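Only one structure is covered here, and it is reproduced in the block below.
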Amino acid sequence: MPDFLLEIGLEEIPARMILAAQQELATRVEMLLREARLLEDSALIRSYSTPRRLAVRVTDVITLQPDIEEEMVGPSWKIAWQQESFSPAAAAFARKAGVSVSQLRKVITPKGEYVGATVLRKGESAQAILMAGLTSCIGGLYWPKNMYWRAGKPERFVRPVRWLVALLDEEVIPFSFAGYTAANLSYGHRILHGPEAVTLANASAYEDRLKSAFVLVSPEERRHGIRKALDRVTRTVGGARWREDEELVETVVHLTEWPTVLLGTFETEYLSLPQEVLVTVMRDHQKYFALEDSNGELFPHFLTVLNTEVDAEGQSIIRHGNERVLRSRFKDAQFFWNADQKSMLTERVEMLRNVTFQKDLGSYHWKTEQNLTIAETVSKILADRGKVFDKSALLQAVLLAKTDLTAELVKEFTELQGIVGGLYARTQGLGETVAQAIYSQYMPASMEDAIPMTIEAQILGLVDRIQTIASMFSIGNIPSGSRDPFALRRAGNAIIRILAESQMPLRLEELIAAAGQAQDHVAPFLRERLSFYLRETRQFSYDVIAAVLATGDGDIPDICARCEALTTVRGSANFMAVAAAYKRIRNILDQAKESGMDWSSEEKALLREPEEIALTEAVSRLSAESDVLRQKRAYQQALESIAGIAPEVDAFFTKIMVMTTERPLRAARLQLIETLLSSISGIADFSEIVIA
Amino acid sequence: MSGQLTNPLTFQELLFRLQTFWASRGCVLQQPYDVEVGAGTMAPETFLRVLGPRRYRVGYAQPSRRPADGRYGENPNRLFKHTQFQLIMKPPPADIQELYLESLTAIGIDLRRHDLKFEEDNWESPTLGAWGIGWQVMLDGLEITQFTYFQQCGGIDLDPITAEITYGLERIAAFLQDVESIYDIVWMRDPVTGAEVRYGDIRLEEELQFSVYNFEYADVSHLWEHLRLYETECQSLIDGARVLENSKDRMKIGRYPLLAAFDLCLKCSHLFNLLDARGAISVTERVGVIARIRALAVGVARAYTNQQTAAGKE
């Protein structure tokens, strides 16, 4: 069984796009072969990528599709068989099917009798199928950003295509794309191998042949190699480890074809800069790994991943060059840091008048004032509920939170906003609580990021974001579809996360109200963010979320606890029975109400049937019990005790006719089931639960 | 320093080598454009030549003025005016990256002893209505070149596509000569006496005085007034071109001064940069002024394209 190899040679693909494209190409090639029945069960699909290529190799490709027999159905038997022989219509069908008239026969289908034939379909060669299918395999690849490069703009692709390889073992499949026709010529590392083509004798030689041209085509191999090399080089610095950074490893994996690792050094004087600044420069701007000791303190060293392998002299040249760049960047940072100390954060509040928050709303000074008002309101609610926090530190942090936007260091390294403010607050002696709050105000920055550690920072984060959302909504900047230019959904998600994970005694509605005049769209928007959080982060199912959100507006931790309990209990037979009864009771009561019945003042004494009495007792037991459990937020136990009355409920509805014509009795029964309903409500609306 | 060339290129030799290299690859060599521009891309040899179907290859050094980047000659890495070597290939040959690597060898960079990466970096100029796809070329961690495939210019979709290669000459020279400050770059070395003229000898005063002017003296109300005057004149030329569009008179169309209109647009762009450096443009106004200049650039680009077609040049 031959191997198939496809390689697309490109000018350097953006690192962030490579992995997804590699996987998509593999899937597309596999689909092409699988749909054409050209894959043996034993077939293996391997995919590769470097900045300059995407490739797929498939083992055990079937060279020729097996012939298949297919049943064809023609005109109805009545038309095909006339006067004891096949009609001209039947003959026409036979020609179309490629069989002789004598091979026609009657087939019986559910729709009636027809003429039919068994047709032999000759299998096509893998060569032919690949030839026909590869162009669209490549052309259809998704890229986040495309470009044109050829005159007449015949195709868009991520970067210009520079060669194509397609081999079935040693045989070339000469399909074309982007002006190139596939051959058996690939290209090696730009420098280490040079511009000459690399001939691939056959598909299975791909990895080894490219390795001899200084290209490791497997990103796994490069990833492994880079990690090992980082470890090895780090060992030359006593007591050091490289700061783990999966994202950065991924980036350098996709920036290199032949990675090696080099250690560089910077002057210890720069260690006086905060490590956040040093790491940002090294990581975000230079793609260097930081070295640290076991306490996380930085060493004056860095690791850079090269896309080449050089001799000792080359190493010293490259090291020197990288150190030169880093030194000038650190020098800049140090300059900005020192320059920034000339104005205290407290003096910068006024400067915020010149920094626009949003042109139709106002400056960051305006925003700060708004934030302060909201912070006062929220503080009061929390204080009333006995939450302990440092209010004056909080208000100080809110006041100074945005002042670092006027700092040179933040203008240079925008990703350090907040962090720089926090560091300056600490340096300027504003106290650890204030500094922490400013420092971590933008957390969580992503779904994975943690929420801020301190309550003051959490409150600042909530206040700042609700102000942003409410004010943006007030001028019509409401996210819709994929349009969310102010990242308000992310702000909303952060609010939900902080409320859910901080256990702060503050309800979403209260936070929204604190942001000022009622905003019609804000509440639904944040409820949608809440559903999103319950669904995507907490993985609750749709019906559980709907059931819980339909009942009671507890705070978010309470909502989470109820979802949790409902998810655990919902599978039990007893619970399902009660949930089903819940719907039934609601229907009965709705009907009764609609027909104008009144049952408010009836006597329980009228109830005499054993099932009625049993249920009455069960309900009063349950009411007492589940109230206590609900108070304690022991929702799972509460739901279990609700489920526990399933036998009584079941017996009641089996034996008892609620809507009896005897009015007083009917009223008493209605009253009973209404009490039942209210004692099992309050945690969730069970009618939302999908019963399997 | 170990391994660097013992006698690295002077600043002017660096320029010679690049010019010689690209001339030998079939490029026209042009002189710098003599109207202030913020980048080589804004010179008409790029902005106007990339429009329309005609093939073109050109290389030129372009002093690029960015008033806000001025540092009174005190910062070793930042300049008000730096020099770009700008290369345009329309359409780009298939081996353009290899040619670029050869050009690095031509300026004395032994690629076998350096680390070279093409990292994604797309370019966009809102004031020019232009954008492209490409890379920053990193050599030992230093960005030495911006490499862009133009997709749009003056709001017009381009066909054919042009490749633009922009070398930052001061950076490259400081790297080759291994000096910490741009002002220490050897600009020229007397072949007889070996006496050196440094970058600072030639340019420091200019950096200082223009920083002073740009940040302290430039009269804001006059700048706004100049901007308005240049804008009005540019716009009226664009309007005039629109009137001509229905004309059948090729001669009349061909002599219409759109190149002058573009100079006026460049003036506006530079005035905007000066106002920006003076801190005279609030964030709110900024977007609006950019839109005004963009309207001029787009207007000229459109009119120029039509002129080329109508005058039968394309």
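The values are calculated or read from the model by the stated rules, or taken from the named source; none is laboratory data. All of these numbers come straight from a predicted model, not from anything done at the bench. All Cβ positions, glycine included, derive from the backbone under ideal geometry; neighbour counts span all protein chains shown.
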Check: If A:GLU350 satisfies every condition in (1) at pLDDT 95 or above; (2) more than 14 Å from chain B (Cβ to nearest Cβ); (3) surrounded by fewer than 15 Cβ atoms within 10 Å (Cβ to Cβ) but one, which is the exception?
Finding: (1)
Check: Among A:ALA178, A:ALA203, A:ALA117, which is the only one that is closer than 18 Å to A:ARG28 by Cβ and more than 14 Å from every other protein chain (Cβ to nearest Cβ)?
Finding: A:ALA203
Checklist line | Residues (under 15 Å from A:ILE613 (Cα atoms) and of a type in the set (Phe, Trp, Tyr)) located in region A:649-692 | finding: A:PHE652, A:PHE653
Note to self: For region B:14-32, give me each residue that is surrounded by fewer than 18 Cβ atoms within 10 Å (Cβ to Cβ) and of a type in the set (A, V, I, L, M).
What the structure shows: B:ALA23, B:VAL28, B:LEU29
Margin query: Here is a check on your reading of the model: is A:ASP293 out of contact with any helix residue (DSSP H, G or I) (no Cβ under 9 Å at 6 or more places or on another chain) and modelled with pLDDT of 95 or more?
Written below: yes
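This table checks each residue for (1) in a helix (DSSP H, G or I); (2) closer than 21 Å to A:GLY554 by Cα; (3) touching a residue at least 40 places away in the same chain (Cβ under 8 Å).
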site	(1), (2), (3)
A:ALA614	yes, no, no
A:ILE642	yes, yes, yes
A:VAL649	yes, no, yes
A:MET657	no, no, no
A:ALA667	yes, no, yes
A:LEU670	yes, no, yes
A:ILE683	no, yes, yes
Note to self: With the requirement that a residue be under 14 Å from the mean Cα position of the chain (by Cα) and in a strand (DSSP E or B), what does region B:154-177 give you?
What the structure shows: B:ALA163, B:GLU164, B:ILE165, B:THR166, B:TYR167, B:GLY168
Note to self: Show the residue pairs meeting these rules: Cβ distance below 8 Å; 6+ apart or different chains; first residue within region B:128-140 and more than 10 Å from chain A (Cβ to nearest Cβ) and touching a residue at least 24 places away in the same chain (Cβ under 8 Å); second residue among the acidic types (Asp, Glu) and in a strand (DSSP E or B).
What the structure shows: B:ALA130/B:GLU124
Note to self: Taking the conditions exactly as written (over 43 Å from the mean Cα position of the chain (by Cα) and over 15 Å from A:LEU672 (Cβ atoms)), does A:LYS593 satisfy them or not?
What the structure shows: yes
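Residue by residue, here is whether (1) within 14 Å of chain B (Cβ to nearest Cβ); (2) closer than 30 Å to A:ASP284 by Cα; (3) outside any loop (DSSP other than H, G, I, E, B); (4) not aliphatic (A, V, I, L, M) holds:
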| residue | (1), (2), (3), (4) |
| --- | --- |
| A:PRO2 | no, no, no, yes |
| A:GLN22 | no, yes, yes, yes |
| A:VAL29 | no, no, yes, no |
| A:LEU32 | no, no, yes, no |
| A:ARG37 | no, no, no, yes |
| A:ALA43 | no, no, no, no |
| A:ARG57 | no, no, yes, yes |
| A:ALA90 | no, no, yes, no |
| A:LYS96 | no, no, yes, yes |
Check: When you scan region A:466-525, how many residues do you find that are of a type in the set (S, T, N, Q) and assigned to a helix (DSSP H, G or I)?
Finding: 6
Check: Just checking, how many residues over region B:68-120 are at the interface with another protein chain (Cβ under 10 Å from one of its Cβ atoms), more than 23 Å from A:LEU326 (Cα to Cα) and among the aliphatic types (A, V, I, L, M)?
Finding: 3
Next item on the list: Among the residues of region A:278-320, count how many are closer than 21 Å to A:ALA15 by Cβ and either facing chain B (nearest Cβ under 7 Å) or in a helix (DSSP H, G or I) (or both).
Entry: 13
Check: Within region B:178-199, can one find any residue that is within 14 Å of chain A (Cβ to nearest Cβ), among the aliphatic types (A, V, I, L, M), under 19 Å from the mean Cα position of the chain (by Cα) and outside any helix (DSSP H, G or I)?
Finding: no
Next item on the list: Report whether or not A:HIS224 is facing another protein chain (nearest Cβ under 10 Å) and more than 19 Å from A:ARG190 (Cβ to Cβ).
Entry: no
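Evaluate the following for A:LEU430: is it under 21 Å from A:GLU347 (Cα atoms) and touching a helix residue (DSSP H, G or I) at 6+ places or on another chain (Cβ under 8 Å)? Even if it seems obvious, please write down each step before you answer.
Working: under 21 Å from A:GLU347 (Cα atoms): yes; touching a helix residue (DSSP H, G or I) at 6+ places or on another chain (Cβ under 8 Å): yes.
Yes; evaluated as a whole, the condition is true for this residue.
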Item checked: Hey, A:LEU192 assigned to a loop (DSSP other than H, G, I, E, B), of a type outside the set (S, T, N, Q), within 10 Å of chain B (Cβ to nearest Cβ) and touching a residue at least 40 places away in the same chain (Cβ under 8 Å) or not -> yes
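Please count how many residues of region A:216-268 are in a strand (DSSP E or B) and among the β-branched types (Val, Ile, Thr).
So the count comes out to 3.
Can you tell me which of B:ILE88, B:ILE133 is under 16 Å from A:TRP149 (Cα atoms), touching a helix residue (DSSP H, G or I) at 6+ places or on another chain (Cβ under 7 Å) and crowded, with 21+ Cβ neighbours inside 10 Å?
Just one listed residue meets the conditions, B:ILE88.
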Notebook entry, point to check: Out of region B:180-216, which residues are aromatic (Phe, Trp, Tyr) and more than 21 Å from A:SER328 (Cβ to Cβ)?
Noted result: B:PHE210, B:TYR213, B:PHE215
Notebook entry, point to check: Under the condition of being farther than 12 Å from A:PHE4 by Cα and among the aliphatic types (A, V, I, L, M), which residue from region A:33-75 is surrounded by the fewest Cβ atoms within 10 Å (Cβ to Cβ)?
Noted result: A:ILE68
Check: Has region B:23-43 got any residue that is touching a Lys or Arg at 6+ places or on another chain (Cβ under 8 Å) and either without any contact (Cβ under 8 Å) to a residue 40 or more places away in the chain or at positive phi (or both)?
Finding: yes
Checklist line | Hits in region B:64-112 - residues which are under 21 Å from the mean Cα position of the chain (by Cα), over 20 Å from B:ALA163 (Cα atoms), not aliphatic (A, V, I, L, M) and not in a loop (DSSP other than H, G, I, E, B) | finding: B:ARG65, B:PRO67, B:ASP69, B:LYS81, B:HIS82
Notebook entry, point to check: Does region A:571-579 contain at least one residue that is in contact (Cβ under 8 Å) with a residue 60 or more places away in the chain and surrounded by fewer than 16 Cβ atoms within 10 Å (Cβ to Cβ)?
Noted result: yes
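Working carefully through the options A:LYS122, A:LYS106, A:LYS111, find the one that is surrounded by fewer than 14 Cβ atoms within 10 Å (Cβ to Cβ), out of contact with any Asp or Glu (no Cβ under 7 Å at 6 or more places or on another chain) and charged (D, E, K, R).
Unique residue meeting the criteria: A:LYS111.
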Next item on the list: For A:THR373, state whether it is surrounded by fewer than 18 Cβ atoms within 10 Å (Cβ to Cβ), in contact with a Gly (Cβ under 8 Å, 6 or more places away or on another chain), in the same structural domain as A:SER502 (by TED's automatic domain parsing) and in a helix (DSSP H, G or I).
Entry: yes
Check: Which condition number in (1) within 14 Å of another protein chain (Cβ to nearest Cβ); (2) surrounded by fewer than 17 Cβ atoms within 10 Å (Cβ to Cβ) is the one that A:ARG162 fails?
Finding: (2)
Checklist line | Selection status of B:ASP201, surrounded by fewer than 15 Cβ atoms within 10 Å (Cβ to Cβ) and in contact with an Asp or Glu (Cβ under 8 Å, 6 or more places away or on another chain) | finding: no
